[in-house]
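Only one structure is covered here, and it is reproduced in the block below.
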Amino acid sequence: MSSLSREQAAQAAAILKAELAKVIVGQGQVIEETLIALAAGGHALLEGVPGLAKTLLISTVAAATKLSFSRIQFTPDLMPADITGTEVIREDKATGTRELVFLPGPIFASVILADEINRTPPKTQAALLEAMQERQVTAGGTRRPLPVPFFVLATQNPIEQEGTYPLPEAQLDRFLLKIVVGYPSEEDELEVIRRTTGGAKAQISTVLEGETLLGLNQLVRETPIAEGVARYALALVRATRPISEGGHPDIAPLLQWGSGPRAGQSLVLCAKARATLRGRAYVALEDIRAVAKPVLRHRLHASYEADAQGLGADAIVDKLLAAVKLPASELEKDPLVAAALGKTA
């Protein structure tokens with residue numbers, strides 16, 4: 001059992017949001033989804049046009065936590081060793097002996113900002129993929145574990161394609177969430193101008209320790225979910241697949257292929273994180289629906305028919321949520337949930 005209570009988890013999330021608000025104007029949904037990724041212990045991909053504070057958000061998250069931080073600027077000439085580290089020959093001047101010594105690369109940190117991740121070729125992406133999935137790197141024929149906790153928070157620009165490499169589907173699937181960073185509102189943008197053209201500079205306080213974050217990760221996984229709610233998450237995922245694999249007749253024609261089992265796992269885990277950050281001891285149907293877009297948008301590939309209708313991934317997820325029948329509310333009354341609430345089933 002986690003030593004962190006749900007009240008403490010909700011309080012820690014509120015304090016962290018307050019620190020982020022010192023630097024980040026608006027973007028409440030983006031901040032919440034980023035915190036969901038941290039609470040769930042997963043990686044996140046932030047996509048938006050330049051100038052929307054994606055990099056600033058990630059670096060501020062790192063500054064507000066007692067976690068080691070590395071920024072890796074991805075470029076077309078970046079090599080795997082530039083990320084993982086390399087072995088060098090070191091000479092002992094006293095004895096004249098030489099030995100191979102491993103010099104760790106920037107990947108050996110708890111929070112990794114992978115800036116413009118789609119600017120590096122597949123060979124380097126493969127090195128990052130091992131780190132994301134296995135929490136380790138292989139260098140010099142030796143497997144080397146990465147720090148715990150370990151998060152990759154990556155950014156990419158959706159409009160500039162020159163000198164970019166589309167992320168492999170296998171790597172996209174390793175991102176727990178794909179967070180779309182949109183333009184700020186008029187008032188928020190005016191506040192950005194005021195803050196960034198003045199002389200004042202916000203001071204970020206460290207409010208979250210590594211042990212607290214690990215406790216939060218454990219608490220999220222301990223959050224009970226009723227079978228009916230879990231089956232609803234599964235129904236959403238299966239509805240994206242071909243008709244022969246259980247797909248929904250209104251959704252399947254809009255997709256070349258649907259989501260794999262990792263999508264269902266991510267839906268449930270993110271829903272648990274959302275409930276936990278709100279201090280709730282169970283997962284509600286609204287939690288599943290709230291995280292459906294960031295969980296599924298990068299795991300769907302629109303068909304020609306969807307493209308012809310001008311339907312993007314988010315629009316398809318909207319149709320998915322409308323098409324899949326909600327279970328009866330009494331299905332949420334599960335013995336595990338009742339026990340968590342201190343009630344009889």
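A search for C-beta distances below 8 Å between a residue of the stretch 108-125 that is touching a residue at least 12 places away in the same chain (Cβ under 8 Å) and at positive phi and any residue that is in a loop (DSSP other than H, G, I, E, B) and crowded, with 20+ Cβ neighbours inside 10 Å, counting only pairs 6+ apart in sequence or on different chains, returns Glu116/Phe74.
Only one of the listed residues (Leu129, Leu67, Leu78) is touching a Gly at 6+ places or on another chain (Cβ under 6 Å) and either farther than 26 Å from Thr196 by Cα or among the hydroxyl-bearing types (Ser, Thr, Tyr) (or both). That residue is Leu67. Only one of the listed residues (Ala139, Ala94) is surrounded by 19 or more Cβ atoms within 10 Å (Cβ to Cβ), over 21 Å from Leu45 (Cα atoms) and either among the aliphatic types (A, V, I, L, M) or modelled with pLDDT of 90 or more (or both). That residue is Ala139. Scanning the stretch 287-334 for residues that are surrounded by 13 or more Cβ atoms within 10 Å (Cβ to Cβ), assigned to a helix (DSSP H, G or I) and at pLDDT below 85 yields a total of 2. For Gln218, the requirement of being assigned to a helix (DSSP H, G or I), surrounded by fewer than 16 Cβ atoms within 10 Å (Cβ to Cβ), out of contact with any Cys (no Cβ under 7 Å at 6 or more places or on another chain) and at negative phi is met. Condition first: surrounded by fewer than 17 Cβ atoms within 10 Å (Cβ to Cβ) and farther than 22 Å from Leu46 by Cα. Can you find one or more residues in the stretch 152-174 that meet it? No: zero hits.
Just to be sure I understand the filter: pairs with C-beta atoms under 9 Å, separated by 6 or more residues or on different chains, first member in the stretch 73-97 and farther than 13 Å from Gly140 by Cα, second member exposed (fewer than 14 other Cβ atoms within 10 Å of the Cβ) and among the charged types (D, E, K, R). Which pairs pass? If the second residue must be exposed (fewer than 14 other Cβ atoms within 10 Å of the Cβ) and among the charged types (D, E, K, R), the pairs left are Met79/Lys123; Arg90/Arg98; Arg90/Glu99; Glu91/Arg98; Glu91/Glu99; Asp92/Arg98; Asp92/Glu99; Thr97/Glu91. Only one of the listed residues (Thr95, Thr120) is hydroxyl-bearing (Ser, Thr, Tyr), farther than 19 Å from Leu167 by Cα and over 19 Å from the mean Cα position of the chain (by Cα). That residue is Thr95. If only residues of the stretch 38-86 that are part of a loop (DSSP other than H, G, I, E, B) and small (Gly, Ala, Ser) are counted, the one that is farthest from the chain's Cα centre (by Cα) is Gly51.
What residue, among those in the stretch 178-215 that are part of a loop (DSSP other than H, G, I, E, B) and either at positive phi or within 18 Å of the chain's Cα centre (by Cα) (or both), is surrounded by the fewest Cβ atoms within 10 Å (Cβ to Cβ)? First the steps, then the outcome.
Of the stretch 178-215, the ones part of a loop (DSSP other than H, G, I, E, B) are 181-185, 197-207.
Then keep just the ones that are either at positive phi or within 18 Å of the chain's Cα centre (by Cα) (or both); that gives 181-182.
Values: Val181: 20, Gly182: 12.
Here the residue is Gly182.
The values are calculated or read from the model by the stated rules, or taken from the named source; none is laboratory data. These numbers were taken from a predicted model, which means no experiment stands behind them. When we count neighbours, we look across all protein chains shown, and the Cβ atoms used for this are built from the backbone with ideal geometry, even at glycine.
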